[in-house]
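Trainee: Sharing a structure here in structure tokens format.
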There are 2 protein chains.
Amino acid sequence: MEKRLGGKLEKIPQKIRNLDAVFKPSSIAVIGASREPNKIGHVIVKNFIDGGFGGKVYPINPNAEEILGLKAYKSVLEIKEKVDSAVIAIPAAAVAGALEECGKKGIKGVVLISGGFSEVGNHKGEKKLAEIANRYGMALIGPNCMGVITPASRVDSVFLPIYKLGRPRVGPISFISQSGAVGGCIVDLASRAGIGMNKFVSYGNAAVVDECDLLEYLATDKGTQIIVVYLEGVKDGRRLLEVARRITRKKPVVVIKAGKSAAGAEAAKSHTGSLAGSSEAYRAAFKQSGMIEAQTLEQLFDFAKIFDQVLPCGNRIGIITNGGGMGVLATDSIEDEGLQLSKFSEETVAQLKASLPPYANARNPLDIIGDADSHRYEIAINALMKDESVDVILLIILFQTAAIDSSVVNIAIRASDLQKKPIIAVCTGGEYTEMHKRILESYGIPTYASPSSAMRSISRFIKYAEHYSKYNEMKCPVPIKTQK
Amino acid sequence: MEKRLGGKLEKIPQKIRNLDAVFKPSSIAVIGASREPNKIGHVIVKNFIDGGFGGKVYPINPNAEEILGLKAYKSVLEIKEKVDSAVIAIPAAAVAGALEECGKKGIKGVVLISGGFSEVGNHKGEKKLAEIANRYGMALIGPNCMGVITPASRVDSVFLPIYKLGRPRVGPISFISQSGAVGGCIVDLASRAGIGMNKFVSYGNAAVVDECDLLEYLATDKGTQIIVVYLEGVKDGRRLLEVARRITRKKPVVVIKAGKSAAGAEAAKSHTGSLAGSSEAYRAAFKQSGMIEAQTLEQLFDFAKIFDQVLPCGNRIGIITNGGGMGVLATDSIEDEGLQLSKFSEETVAQLKASLPPYANARNPLDIIGDADSHRYEIAINALMKDESVDVILLIILFQTAAIDSSVVNIAIRASDLQKKPIIAVCTGGEYTEMHKRILESYGIPTYASPSSAMRSISRFIKYAEHYSKYNEMKCPVPIKTQK
């Protein structure tokens, strides 16, 4: 990790390298561990144990012998073994001392949950923390944050019970959030939708490690293929742009900026104390640096999850549906998003005419009719997979019909596994539909509740593919360029 | 029902009056009832029995003695008792004969599921059906439709099993859909979200009863307070406008039009054979007649459900949140939607300062901080209910925090029950959040997954209130007018 992605050869700062200790430690100390079940320091220890963390956990509490069956220590300095990482959840006044001890112990990564620093005007206290962390080269996340979740290594310092805030399965998306509350509710929302996550970080006041450091880290992180960022204010806009410009050449970055309106910026200032710029300035900057801007919370993961598919080679959409009305709505959305309705090749039309019932129109949008079973979907998907005039397949499945059954899911997954062209699904409905949506999602087929939300995401997907193709080689039949 | 709503005194056509027989019959014949479990005619009889329909059900099948424990008849003419309504699900060739018999029997309402008419070019066959129905003054829904659901009277002629297509609870929204498939999947989606429905009609080819007739009926229907319409093509645009203009003076009508783009219109033509007009023409017409246009399927019920609250007296929004970031996003959305962030009165500010912890800023957006419990929500809600500079309360509740519990739901419902000003909720999250969202929805508090989707709906709500106030008196402290 001696080379910055796409940048000049230079040494990565120690605090960024040391983020490894935060995300995948072999051992962790919980400073402020408690025997009382409703204390944060208790929930964190419990989450590490119950969550199946494979490494060693050291509860630190000067007044306890044992916490949740683990031997407790008065200080990290008492521990004989090497400790990679610490989570700190103690009153603000005691934090500096504990952090100094972490430094002495050689702990490389610290997640500092405790509040009581710059967010309440205690800038001096926060400066001191930064001084200590920087002196030891520690990667300090926080203070005033909700912590970190790494599903693969079972690191989970978020102190909210699992019934209130669901934890995501392992996936390709890493999500960094300035706000703990917004970040937490988005993680919860995404988990329920079956979206996988690689790393989640709520970085709070960013006394040491900020959004740019995290982006630098995630840029070369193997598990992270897609980056999602929730921003309120930005400390160093120029650096953010520079970092983003490098990263988006390799990995998509989806960003949402709160506090873009004048009144919103005022509210943000009172919330995190961070300066918010003008809406236009941010928008232009995001675009220029290749970032994908979401306007709403819903769009944040709608846009991100689509990148689990192979990148498209153009903007010609082929639509398959068992509900004619949904095909009409999807076609409307194609125009709204400035995309193109593919014109099927003559071979495709001939083949569809030969294999589909006569009342199914062999053209785009391909309405295979309400009585379509999984086999008819297979015929349609295979035909569009082969057709070089289709860059993206939009697969609309209404699971309410009598003829459809779950096997259509396997057919979609098999086609998507060929990694030839992206398959995006639309399924609108209740519990039965939701069940199938989650299976599709868990196999990397992004699934949307409506044609319009799917098409909005596809347009971002195609735009990014164009951007990406400028810096990388893509396996496309023709060089990628959106056809007009 | 001798007077049209807001129109001149004139007799309502018989086919519209007879829709009562379709939506709330005392007895129903199922023509095409079957003993075979996978036949439509079996599922329909079963749905009436299992669904708790209180009236009589007469299965009609010339080859059966008994179906699902009920005596079967060879024809409706064999039944001695009076029959209000019939559902027909038999091959196209036999429909005219069966319909003629319904007429002779004095059946007033018919839901004709069978396809095989104008949608496959059999215009002659469809014309004949219309001739028969009109001769007897029957309210004929269909052909080629998915039928009708009236949750209150337990009428359910939709032939899809409940595990595939969920049925809604009773509520104030009636939904008419040209497309059966789109209609069905929206019903399914809405049911899962806990949205109540009064009537659902998939009206298919509209051989006799069309969207205008249904609108006329719903205009004076007591159970229906909000009307939702999914349109592909319109037979008589002038009449639709005229009817809508009258209805929207009393009841909100939310409409989505598929086939607005050139390509979409082409697709719609092939799907239902109906003519689709230009996007701009429709948009202008909807606006002119006071209808609320949804651009996406998600917006359709997002917009509709907000009308379960009292109408707002202005556009000044007061925001309460336990997550600062969400307050910032909501404030951004206020600007996006052209609404106004309320400036709290001095009394409100003073009262909030006295009752809330010092670190909670007593201004709008009101961030009552992540450690807010239900009591703190109560203080905030009460203060904003009293403040005359707040027209709409946006209540953001992040259920992920440690301090919040379910009792906040009661507090919101109690305030909403006062019917003083609208309370709109935003709850973003997973299962725990979803559980509370459904309770809020079932008590008529519209709940959204993000501040932006809430604010988009609020803007439609306020616009409609202005429209409504031109024709009706409203109990507002000042005459309604959106403040700038």
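The values are calculated or read from the model by the stated rules, or taken from the named source; none is laboratory data. Just so we're clear, the structure is a prediction, and the values are computed from it rather than from any experiment. Counting neighbours? That spans all protein chains shown, and the Cβs are built from the backbone with ideal geometry, glycine included.
Trainee: Do we find that A:K475 is over 30 Å from B:I162 (Cβ atoms), of a type in the set (D, E, K, R), over 24 Å from the mean Cα position of the chain (by Cα) and modelled with pLDDT under 95 in this structure?
Mentor: Yes.
Trainee: May I ask you to verify whether B:G444 is farther than 28 Å from B:I173 by Cα and in the same structural domain as B:E346 (by TED's automatic domain parsing)? Can you show your working first?
Mentor: On the way: farther than 28 Å from B:I173 by Cα: no; in the same structural domain as B:E346 (by TED's automatic domain parsing): yes.
So B:G444 does not fit the description; no.
Trainee: On to the next question. Can you tell me which residue is surrounded by the fewest Cβ atoms within 10 Å (Cβ to Cβ) among those in region A:441-456 that are more than 14 Å from every other protein chain (Cβ to nearest Cβ) and among the hydroxyl-bearing types (S, T, Y)?
Mentor: That would be A:S442.
Trainee: A further question follows. With the requirement that a residue be acidic (D, E), part of a helix (DSSP H, G or I) and under 15 Å from the mean Cα position of the chain (by Cα), what does region A:210-269 give you?
Mentor: Correct list: A:E211 only.
Trainee: Report the residue count in region B:187-220 for those that are of a type outside the set (G, A, S) and either in contact with a Gly (Cβ under 9 Å, 6 or more places away or on another chain) or more than 30 Å from B:K128 (Cβ to Cβ) (or both).
Mentor: Kept after step one, since they are of a type outside the set (G, A, S), are these residues of region B:187-220: B:187-189, B:192, B:195, B:197-201, B:203, B:205, B:208-218, B:220.
With either in contact with a Gly (Cβ under 9 Å, 6 or more places away or on another chain) or more than 30 Å from B:K128 (Cβ to Cβ) (or both) added as a condition, the list becomes B:187-189, B:192, B:195, B:197-201, B:203, B:205, B:208-209, B:220.
Of the residues in that region, 15 qualify.
Trainee: Go through region A:300-325 and count every residue that is over 29 Å from A:G237 (Cβ atoms) and either aromatic (F, W, Y) or surrounded by fewer than 22 Cβ atoms within 10 Å (Cβ to Cβ) (or both). Quick ask: steps written out before the conclusion?
Mentor: Of region A:300-325, the ones over 29 Å from A:G237 (Cβ atoms) are A:308-310, A:312-325.
Next cut, either aromatic (F, W, Y) or surrounded by fewer than 22 Cβ atoms within 10 Å (Cβ to Cβ) (or both) only: A:308-310.
Result for region A:300-325: 3.
Trainee: Across region B:407-435, which residue is farthest from the other protein chains (Cβ to nearest Cβ) among those that are part of a helix (DSSP H, G or I) and farther than 18 Å from B:I381 by Cα? Steps first, please.
Mentor: Within region B:407-435, the first condition is being part of a helix (DSSP H, G or I), and the residues that meet it are B:407-417, B:431-435.
Checking the rest, the ones that are also farther than 18 Å from B:I381 by Cα come to B:431-435.
On the way: B:E431: 6, B:Y432: 5, B:T433: 7, B:E434: 7, B:M435: 10 Å.
Within region B:407-435, the match that is farthest from the other protein chains (Cβ to nearest Cβ) is B:M435.
Trainee: Another question about this same structure. For B:S179, work out the one condition from (1) at pLDDT 90 or above; (2) surrounded by 23 or more Cβ atoms within 10 Å (Cβ to Cβ) it doesn't fulfil.
Mentor: (1)
Trainee: Just a yes or no: is a residue in region B:341-352 β-branched (V, I, T) and either outside the structural domain of B:R414 (by TED's automatic domain parsing) or in contact with an Asp or Glu (Cβ under 6 Å, 6 or more places away or on another chain) (or both)?
Mentor: yes
Trainee: Moving to a separate point now. Regarding B:I396, is this residue within 27 Å of B:P252 (Cα to Cα), more than 9 Å from every other protein chain (Cβ to nearest Cβ), in contact with a Gly (Cβ under 7 Å, 6 or more places away or on another chain) and buried (at least 20 other Cβ atoms within 10 Å of the Cβ)?
Mentor: Here the answer is yes, as B:I396 does meet what is asked.
Trainee: Out of A:I90, A:I44, A:I107, report the one residue that is closer than 19 Å to A:Y136 by Cα and either within 14 Å of chain B (Cβ to nearest Cβ) or in a loop (DSSP other than H, G, I, E, B) (or both).
Mentor: Matching residue, one of A:I90, A:I44, A:I107: A:I107.
Trainee: Now for a different question. Among the numbered conditions (1) surrounded by 21 or more Cβ atoms within 10 Å (Cβ to Cβ); (2) in contact (Cβ under 8 Å) with a residue 40 or more places away in the chain; (3) closer than 15 Å to B:M385 by Cα, tell me where B:K343 comes up short.
Mentor: Among (1) surrounded by 21 or more Cβ atoms within 10 Å (Cβ to Cβ); (2) in contact (Cβ under 8 Å) with a residue 40 or more places away in the chain; (3) closer than 15 Å to B:M385 by Cα, the lone unmet condition for B:K343 is (1).
Trainee: Here's another thing I want to ask about it. Take B:L297 and tell me if it is surrounded by 24 or more Cβ atoms within 10 Å (Cβ to Cβ), over 30 Å from A:N144 (Cβ atoms), within 14 Å of chain A (Cβ to nearest Cβ) and in contact (Cβ under 8 Å) with a residue 60 or more places away in the chain.
Mentor: When the stated conditions are applied, B:L297 passes them.
Trainee: Determine, yes or no, whether B:A372 is of a type in the set (G, A, S), assigned to a loop (DSSP other than H, G, I, E, B), touching a helix residue (DSSP H, G or I) at 6+ places or on another chain (Cβ under 7 Å) and in the same structural domain as B:E466 (by TED's automatic domain parsing).
Mentor: Judged against the criteria, B:A372 is not a match.
Trainee: Here's a follow-up. Could you pull out every one of the strands (runs of 3 or more DSSP E) wholly within region A:121-198 that has 3 or more residues that are at the interface with chain B (Cβ under 9 Å from one of its Cβ atoms) and either more than 19 Å from A:A86 (Cα to Cα) or touching a Cys at 6+ places or on another chain (Cβ under 7 Å) (or both)?
Mentor: none
Trainee: Just one of (1) free of Cβ contacts under 8 Å to residues at least 12 places away in the same chain; (2) over 26 Å from A:V182 (Cα atoms) trips up A:Y73, so point out which.
Mentor: Going through the list (1) free of Cβ contacts under 8 Å to residues at least 12 places away in the same chain; (2) over 26 Å from A:V182 (Cα atoms), A:Y73 breaks only (1).
Trainee: Return the only residue of A:S85, A:S118 being modelled with pLDDT under 95, under 30 Å from the mean Cα position of the chain (by Cα), more than 16 Å from A:K39 (Cβ to Cβ) and buried (at least 22 other Cβ atoms within 10 Å of the Cβ).
Mentor: Exactly one residue qualifies, and that residue is A:S118.
Trainee: Moving to a separate point now. Looking at (1) in contact with a Lys or Arg (Cβ under 8 Å, 6 or more places away or on another chain); (2) of a type in the set (K, R); (3) at pLDDT below 95, can you tell me which one A:R238 breaks?
Mentor: Against the list (1) in contact with a Lys or Arg (Cβ under 8 Å, 6 or more places away or on another chain); (2) of a type in the set (K, R); (3) at pLDDT below 95, A:R238 comes up short only on (1).
Trainee: Related question: Please state which of the following conditions A:L341 fails to meet, knowing it meets all the rest: (1) away from chain B (no Cβ under 13 Å); (2) farther than 25 Å from A:S118 by Cα; (3) at pLDDT 95 or above.
Mentor: Just one mismatch for A:L341, condition (1).
Every residue, every condition in (1) free of Cβ contacts under 8 Å to residues at least 60 places away in the same chain; (2) surrounded by fewer than 24 Cβ atoms within 10 Å (Cβ to Cβ); (3) outside any strand (DSSP E or B); (4) away from every other protein chain (no Cβ under 14 Å), yes or no:
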{"residue": "B:G327", "(1), (2), (3), (4)": "no, no, yes, no"}
{"residue": "B:I334", "(1), (2), (3), (4)": "no, no, yes, no"}
{"residue": "B:T348", "(1), (2), (3), (4)": "yes, no, yes, yes"}
{"residue": "B:K353", "(1), (2), (3), (4)": "yes, yes, yes, yes"}
{"residue": "B:P357", "(1), (2), (3), (4)": "yes, yes, yes, no"}
{"residue": "B:N364", "(1), (2), (3), (4)": "yes, no, yes, no"}
{"residue": "B:M385", "(1), (2), (3), (4)": "yes, yes, yes, yes"}
{"residue": "B:E388", "(1), (2), (3), (4)": "no, yes, yes, yes"}
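Trainee: Can you tell me which of (1) at pLDDT 95 or above; (2) within 14 Å of chain A (Cβ to nearest Cβ) is the one B:R438 doesn't meet?
Mentor: (1)
Trainee: Then there's this: Among the listed residues B:P143, B:P161, identify the single one that is under 28 Å from A:G429 (Cα atoms), out of contact with any Pro (no Cβ under 7 Å at 6 or more places or on another chain), in contact (Cβ under 8 Å) with a residue 60 or more places away in the chain and surrounded by fewer than 24 Cβ atoms within 10 Å (Cβ to Cβ). Break it down stepwise before answering.
Mentor: Working: B:P143 fails: surrounded by fewer than 24 Cβ atoms within 10 Å (Cβ to Cβ).
Only one candidate qualifies: B:P161.
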